[in-house]
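J.: Structure below; questions to follow.
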Amino acid sequence: MKKEGRAVERCLALELASTIRHDGDGGVADDLATLQGAARWVRERGSDLADGVTVDENLRGEIVALRQAVRALFAHSVSPGPPSPADAHRLMPVDRALALLNAAAGREPVTPQLDWPSGGAPAPRLLSAEKDPRLRLVAALARAAIDFLTGPLREDLRACTAPRCVRYFVKQHGRQEWCKPSCGNRARAARHYRRRAAVGADPSQS
């Protein structure tokens, strides 16, 4: 996707937050609700994160807790706009979310390095001596959230306000109100229905 003429790179923080999503039937689905679902989600993130990782209940619980922290900080970021309705009533306190996120990121000591291949562009990379791939996974997810929340895209983070949608998204242009066209269609249809219902309830508008 594009953001003001530049590519918006894949965002692990948004992907983690989006494991809470609309299920297509008026409810909310949780991709991390089961061990099988969590393992599938980790595998789908690719070899950089999933190599050597065996998802057990302890790891699933850590990822879910990290997601709670990320979604609480996303809700804080979009304020005074509305947060996602999926968990607006049970958000983790911001100070607790910050502590959890920072602790998770700090569990893997890393050394920043500059990589500059011949004929290519310089790029940063991180070296780690950590042997546990599960710890590396959680730390990488936490760092991704920190990078997002301290980067320029955070200013355009929004919660989709379409009926039944519970996603957070990054606005790609100034007039964008919803995360995807289908949500826009649903929101416009709901507005039209409400206007017609209001006219029908008020004889003076006939």
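J.: Can you compute log10 of I(q)/I(0) for segment 1-160 with the Debye formula, treating each Cα as one identical point scatterer, at q = 0.11, 0.14 Å⁻¹?
T.: After summing over all Cα pairs, the log10 values are -0.48, -0.78.
J.: Give the long-range amide H neighbours of residue 29: residues separated by 5 or more places, or on another chain, with amide H under 5 Å away, using H modelled in the peptide plane at 1.01 Å from N.
T.: Excluding prolines and chain starts, which carry no amide H, the hits are 21, 22, 23.
J.: Still on this model: Which residues does a label at residue 35 reach in segment 130-153, if reach means a backbone N under 17 Å from a point 7 Å past the Cα toward the Cβ?
T.: In segment 130-153, the label zone of residue 35 (backbone N under 17 Å from the point 7 Å along Cα→Cβ) covers 134.
J.: Per residue of segment 34-42, in order, report the coupling 6.51 cos²θ - 1.76 cosθ + 1.60 (Karplus, θ = phi - 60°) as ³J(HN,Hα) in whole Hz, putting x for Gly and Pro.
T.: Each residue of segment 34-42 in turn: 10, 4, 5, x, 5, 4, 5, 4, 4 Hz.
Here, each number is a calculation from the coordinates, and none is a lab measurement. As the structure is a prediction and not an experimental result, all values here were calculated from the model. Cβ: placed from backbone, ideal geometry, glycine included. Neighbour counts: every protein chain shown.
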